[in-house]
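Chemist: This is the structure, below, for whatever I ask next.
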Amino acid sequence: MSLFDRLRSGLKRTSSSLREAVTSIFTGGRVTQEFLDELEEVLIQSDVGLKAAMALRDRIQEENKKRNLKTPEELFGVMEEMVAEILEGVSEPLRTAPSGPTVYVLVGVNGAGKTTTIGKLAERWRGQGKSVIMAAADTFRAAAQEQLAVWAKRTGSTIIAHQSGSDPGAVAFDAVRAAISRGVDLVLVDTAGRLHTKGNLMEELKKIIRVIGRELPGAPHEVILVIDGTTGQNGLNQARVFAEAAGVTGVCITKLDGSSKGGIAVAIADELGLPIKLVGVGESADDLRDFDARAFAKALFARPE
Amino acid sequence: MKPKMEFEGLSARLAGVFKKLRGKGKLSEKDIDEALREVRLSLLEADVNFKVVREFIAQVKEKSLSAEVLESLTPAQQVIKIVHEEMVELLGGKAKPLDLSGNPPAVVVLYGLQGSGKTTTAGKLALNLRKSGRRVLLVSCDVYRPAAQRQLEILAEKSGAGFFTMDPGTDPAAIARGGYEKARTGAYDVVIFDTAGRTQLDDEMMDEAARIRDAVSPRESILVVDAMTGQEACKVAQAFDEKVGLTGIILTKIDSDARGGAALSIAKVTGKPIKFASTGEKLEDFQVFHPDRMASRILGMGDVLTLIERAQAAFDEKKAEELERKLRKKEFTLEDFIAQMKEVRKMGSFGDLLRMIPGLNRMKIDVDIDPKEWSRIEAIVNSMTPLERRRPEIIDGSRKRRIARGSGTQVQDVNRLLKQFFQARRMMFQMTPEKMGRLRLP
Ligand SMILES: Nc1nc2c(ncn2[C@@H]2O[C@H](COP(=O)(O)OP(=O)(O)OP(=O)(O)O)[C@@H](O)[C@H]2O)c(=O)[nH]1
Ligand SMILES: Nc1nc2c(ncn2[C@@H]2O[C@H](COP(=O)(O)OP(=O)(O)OP(=O)(O)O)[C@@H](O)[C@H]2O)c(=O)[nH]1
Ligand SMILES: [Mg+2]
Ligand SMILES: [Mg+2]
């Protein structure tokens, strides 16, 4: 199943999609002031945020002046195009090391899907015949290491873990060292979930990243911020603070197989200019996709079938 | 780090509304609409579902139009007060405890989306109940997520609860039955079932949730919801409620800076109470849910509300008029003084309050009373004769000694009280009626 199909099949069963809502308020077949006001509110329902909703509204108004928008299809065309532009504007593929091990660090708030995404990334690289080391740098949460160990086993990766409660920086250090000496292709560092509001935990994260950079110049090649697709406007705060503290280079939006369409991605790309690089569409190892701005925009306004 | 960015924006926005509407006397429909427009935007920013916002605003508008106009508040403040009251009501009024009545074991099942915090919450609930002396069994029905069973087992150890699960190849409903049996025969008071995360779109998994419920007939079916959830919270809660029949909600991760509008959405669409709030990763980080605090948080206006509440308490209109009348006649007795003190004592520091009032905030007033001193003051006044209370000037040395003896205090204490009284009276008498009129908040 393609990402688009997957997203659409999710949308199918939600009672009122964005598309339906917009269609239902576009009754007069004309873009009126009243319609624009309502449109803004309806757009909010996709979690894109007030700012993006207003921008979309303004675009519709502008476009309407140029060429009288008369059908819902025309409206969706305009909005889809605009969302795709925003997302494409900052889009960038995943980086890899020109030579030697590639290191990805996954960061994010609690329960976003970091560990699972590591399993999925490992599956992808292993499928291409590459070797993978997982660093169990979440030494805090109950059974975090055991969880990662299951993913290591499933994907045929090596796991580097210390005792529970030990220094996460030391785990990352050991993993990078091991990768260098064994000529491993990819290191995936699993960090503990942390709220962006907790200064001490953000400092800990900085330290992990510093340690990695010291051991292997140029690393980490990606600091991937994992954001739950169901997240509301707080996602913007998360992205802002993680970007500042940890130098986030890309975002992965997870749980898009749920009923949420991950509208917060639009706000993040628009307001912070962070590229969305990956999306998670399920709990299995193969439920990871590269981000496709066009498909995402289309899914946001998709017709429920 | 700037965790409170959104929050500040909102306070500023509301301050803007206040300024615009300052000084107008009555609540006109236009005033209400203007204030509610800002409230609407702030609710949307707080992730309250847009449909819920619409209904809620309509409800508040109706109330506002028919509201009795309180002289001590500006129109904007009054609207905000109604908004807040309505929201508290919607969020469940008084906090409700878990229902653990009936024959033990009392059954609690936790449901929710992936990663919302179910397993951690199970551990927290267990610890909470253990503290009140109950025997708790934790049962893991999550056979999907890697190491989910082990995670709960560790939390059971930490919280002093028992633990039960079965081989991951087992049907979760069968595990639930096994867990219930163990709780029954093992004389546990409460048994808590942790279930796998699931999206409401997954029919198979939703059917499984219903089968788990049927296997154990829970007294409490709790939806565990992440406070950072966006607009979808409504649909999620509705779907779970339809499928398993929820009895309550637990809100997690409120230690984040999310405004938590999802709480309002869910409370509104399900009508189910929010019972607990989870405030961190550690098992101790768990509290009873406070609707009033949550309402202030969603509105992003904690401080403004306290101010309104304090102002109301302090300047009960009738009493203010009575005082004004007396001051005009230059009558201000120790009894008035004490009555005033009693009232402001409810609000903490008198000085604090006065400093909030424009015009008074620059006066030097030394009237703050240490709470410990309060009982002493009361004793002193109670030892006075009615005449002494009305005309404190007559209190001479021998009267002071008598009063001190009668109240079990020292003469210095009596002196201090009288000094404070005379100072307050002097200040009151200096106030012209125009100044009195300003004893109202902005
Ligand atoms: N439906 C769905 N579930 C997902 C997806 N990604 C992760 N999950 C689930 O979300 C839950 C949390 O995932 P984890 O990978 O443990 O999240 P985490 O960020 O590592 O969590 P912490 O380490 O506790 O902060 C698990 O139940 C995962 O199976 C996804 O794309 N779709
Ligand atoms: N900061 C914070 N973290 C929390 C809170 N409650 C839970 N967590 C964290 O959120 C993450 C997910 O919690 P879990 O209890 O594993 O969530 P779950 O719902 O059981 O997840 P699945 O079983 O995968 O669906 C963990 O990292 C927890 O430590 C909270 O109130 N505050
Ligand atoms: Mg993890
Ligand atoms: Mg769990």
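The values are calculated or read from the model by the stated rules, or taken from the named source; none is laboratory data. Here the structure is a predicted model, which is why all the values come from computation and not from measurement. Cβ placement follows ideal geometry from the backbone for every residue including glycine, while neighbour counts extend to all protein chains displayed.
Chemist: Taking region A:237-252 as the search range and keeping residues that are polar (S, T, N, Q) and in contact (Cβ under 8 Å) with a residue 60 or more places away in the chain, which one is surrounded by the most Cβ atoms within 10 Å (Cβ to Cβ)? Break it down into steps so the answer makes sense when it comes.
Modeler: Looking only at region A:237-252, we keep the residues that are polar (S, T, N, Q), and these are A:237-238, A:249.
Keeping just the survivors that are in contact (Cβ under 8 Å) with a residue 60 or more places away in the chain gives A:238, A:249.
On the way: A:Gln238: 29, A:Thr249: 20.
Looking at residues that are polar (S, T, N, Q) and in contact (Cβ under 8 Å) with a residue 60 or more places away in the chain, I get A:Gln238.
Chemist: Please work out which residue is nearest to the other protein chains (Cβ to nearest Cβ), limiting yourself to region A:42-62 and to residues that are over 17 Å from A:Ala269 (Cβ atoms) and surrounded by fewer than 19 Cβ atoms within 10 Å (Cβ to Cβ).
Modeler: Per the criteria, the residue is A:Asp58.
Chemist: Let me ask another. Going through region A:279-297 one residue at a time, which ones are closer than 16 Å to A:Thr117 by Cβ, more than 16 Å from ligand 3 (Cβ to nearest atom) and of a type outside the set (Asp, Glu)?
Modeler: Passing the criteria: A:Val279, A:Val281, A:Gly282, A:Ser284, A:Arg289, A:Phe291.
Chemist: For the condition buried (at least 22 other Cβ atoms within 10 Å of the Cβ) and facing chain A (nearest Cβ under 9 Å), what is the one hit in B:Leu138, B:Leu152, B:Leu201?
Modeler: Working: B:Leu138 fails: facing chain A (nearest Cβ under 9 Å); B:Leu201 fails: buried (at least 22 other Cβ atoms within 10 Å of the Cβ).
So the residue among B:Leu138, B:Leu152, B:Leu201 that is buried (at least 22 other Cβ atoms within 10 Å of the Cβ) and facing chain A (nearest Cβ under 9 Å) is B:Leu152.
Chemist: Quick one: count up the residues across region B:116-135 that are surrounded by fewer than 24 Cβ atoms within 10 Å (Cβ to Cβ) and either within 16 Å of ligand 2 (Cβ to nearest atom) or over 20 Å from B:Thr165 (Cβ atoms) (or both).
Modeler: Kept after step one, since they are surrounded by fewer than 24 Cβ atoms within 10 Å (Cβ to Cβ), are these residues of region B:116-135: B:127-135.
Filter again for either within 16 Å of ligand 2 (Cβ to nearest atom) or over 20 Å from B:Thr165 (Cβ atoms) (or both), leaving B:127-128, B:131-134.
Qualifying residue count, region B:116-135: 6.
Chemist: With the requirement that a residue be part of a helix (DSSP H, G or I) and more than 10 Å from chain B (Cβ to nearest Cβ), what does region A:202-216 give you?
Modeler: A:Glu204, A:Leu205, A:Lys206, A:Lys207, A:Ile208, A:Ile209, A:Arg210, A:Val211, A:Ile212, A:Gly213, A:Arg214, A:Glu215
Chemist: A follow-up question, please. State whether the residues of region B:95-110 include one that is over 27 Å from the mean Cα position of the chain (by Cα), crowded, with 19+ Cβ neighbours inside 10 Å and either within 14 Å of chain A (Cβ to nearest Cβ) or assigned to a helix (DSSP H, G or I) (or both). Step through it out loud before you land on a result.
Modeler: First, pick out the residues of region B:95-110 that are over 27 Å from the mean Cα position of the chain (by Cα): B:102-107.
Going one step further and asking which of them are crowded, with 19+ Cβ neighbours inside 10 Å, we end up with B:105-107.
Filter once more, keeping what is either within 14 Å of chain A (Cβ to nearest Cβ) or assigned to a helix (DSSP H, G or I) (or both): none.
No, every residue in region B:95-110 fails to be over 27 Å from the mean Cα position of the chain (by Cα), crowded, with 19+ Cβ neighbours inside 10 Å and either within 14 Å of chain A (Cβ to nearest Cβ) or assigned to a helix (DSSP H, G or I) (or both).
Chemist: Looking at (1) of a type outside the set (Gly, Ala, Ser); (2) farther than 19 Å from A:Leu278 by Cα; (3) without any contact (Cβ under 8 Å) to a residue 40 or more places away in the chain, which one does A:Gln128 not meet, given that it meets all the others?
Modeler: (2)
Chemist: Search region A:106-126 for residues being of a type outside the set (D, E, K, R) and within 12 Å of A:Leu186 (Cβ to Cβ), and hand back the single one that is farthest from ligand 2 (Cβ to nearest atom).
Modeler: Looking only at region A:106-126, we keep the residues that are of a type outside the set (D, E, K, R), and these are A:106-113, A:115-119, A:121-122, A:125.
Checking which are within 12 Å of A:Leu186 (Cβ to Cβ) leaves us with A:118, A:121-122, A:125.
Working: A:Ile118: 14, A:Leu121: 18, A:Ala122: 18, A:Trp125: 24 Å.
Going through the qualifying residues, I end up with A:Trp125.
Chemist: Please verify whether A:Val105 is under 17 Å from A:Phe242 (Cβ atoms), within 11 Å of ligand 1 (Cβ to nearest atom) and among the β-branched types (Val, Ile, Thr), treating the condition exactly as stated. Before you say what the answer is, go through the steps one by one.
Modeler: Values: under 17 Å from A:Phe242 (Cβ atoms): yes; within 11 Å of ligand 1 (Cβ to nearest atom): no; among the β-branched types (Val, Ile, Thr): yes.
Answer is no for this residue.
Residues checked against (1) over 19 Å from A:Leu225 (Cα atoms); (2) more than 16 Å from ligand 4 (Cβ to nearest atom); (3) at pLDDT 95 or above; (4) of a type in the set (Lys, Arg):
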| residue | (1), (2), (3), (4) |
| --- | --- |
| A:Glu80 | yes, yes, no, no |
| A:Ser91 | no, yes, no, no |
| A:Arg95 | no, yes, yes, yes |
| A:Gly111 | no, no, yes, no |
| A:Lys114 | no, no, yes, yes |
| A:Ala122 | no, yes, yes, no |
| A:Ala136 | no, yes, yes, no |
| A:Ala142 | yes, no, yes, no |
| A:Trp151 | yes, no, yes, no |
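Chemist: Which residue is surrounded by the fewest Cβ atoms within 10 Å (Cβ to Cβ), if the candidates are limited to region B:213-265 and must be in a loop (DSSP other than H, G, I, E, B) and away from chain A (no Cβ under 14 Å)? Even if it seems obvious, please write down each step before you answer.
Modeler: Let us first name the residues in region B:213-265 that are in a loop (DSSP other than H, G, I, E, B), namely B:217-219, B:227-228, B:230-232, B:245-247, B:253-260.
Imposing the further condition that a residue be away from chain A (no Cβ under 14 Å) reduces the set to B:217-219, B:245-247.
Working: B:Ser217: 10, B:Pro218: 24, B:Arg219: 17, B:Gly245: 12, B:Leu246: 22, B:Thr247: 20.
If we take residues in region B:213-265 being in a loop (DSSP other than H, G, I, E, B) and away from chain A (no Cβ under 14 Å), then B:Ser217 is surrounded by the fewest Cβ atoms within 10 Å (Cβ to Cβ).
Chemist: Which ones in region A:278-297 are basic (Lys, Arg) and over 11 Å from A:Leu87 (Cβ atoms)? Before the answer, list the steps.
Modeler: Quick first cut of region A:278-297, residues basic (Lys, Arg) only: A:289, A:294.
Answer for region A:278-297, where residues must be basic (Lys, Arg) and over 11 Å from A:Leu87 (Cβ atoms): just A:Arg289.
Chemist: Could you check region A:217-236 and list, in sequence order, the residues that are out of contact with any Ser or Thr (no Cβ under 7 Å at 6 or more places or on another chain), over 19 Å from A:Ala52 (Cα atoms) and surrounded by 21 or more Cβ atoms within 10 Å (Cβ to Cβ)?
Modeler: A:Ala219, A:Pro220, A:Ile224, A:Leu225
Chemist: Regarding A:Ala149, is this residue within 14 Å of chain B (Cβ to nearest Cβ), within 30 Å of A:Met202 (Cβ to Cβ) and either of a type outside the set (Asp, Glu) or without any contact (Cβ under 8 Å) to a residue 60 or more places away in the chain (or both)? Lay out the reasoning, then the answer.
Modeler: Working: within 14 Å of chain B (Cβ to nearest Cβ): yes; within 30 Å of A:Met202 (Cβ to Cβ): yes; either of a type outside the set (Asp, Glu) or without any contact (Cβ under 8 Å) to a residue 60 or more places away in the chain (or both): yes.
Answer is yes for this residue.
Chemist: What number of residues within region B:49-60 are within 9 Å of chain A (Cβ to nearest Cβ) and either over 13 Å from A:Glu41 (Cβ atoms) or assigned to a loop (DSSP other than H, G, I, E, B) (or both)? Quick ask: steps written out before the conclusion?
Modeler: Going residue by residue through region B:49-60, those that are within 9 Å of chain A (Cβ to nearest Cβ) are B:49-51, B:53-54.
From what's left, either over 13 Å from A:Glu41 (Cβ atoms) or assigned to a loop (DSSP other than H, G, I, E, B) (or both): B:49.
Within region B:49-60, residues that are within 9 Å of chain A (Cβ to nearest Cβ) and either over 13 Å from A:Glu41 (Cβ atoms) or assigned to a loop (DSSP other than H, G, I, E, B) (or both) number 1.
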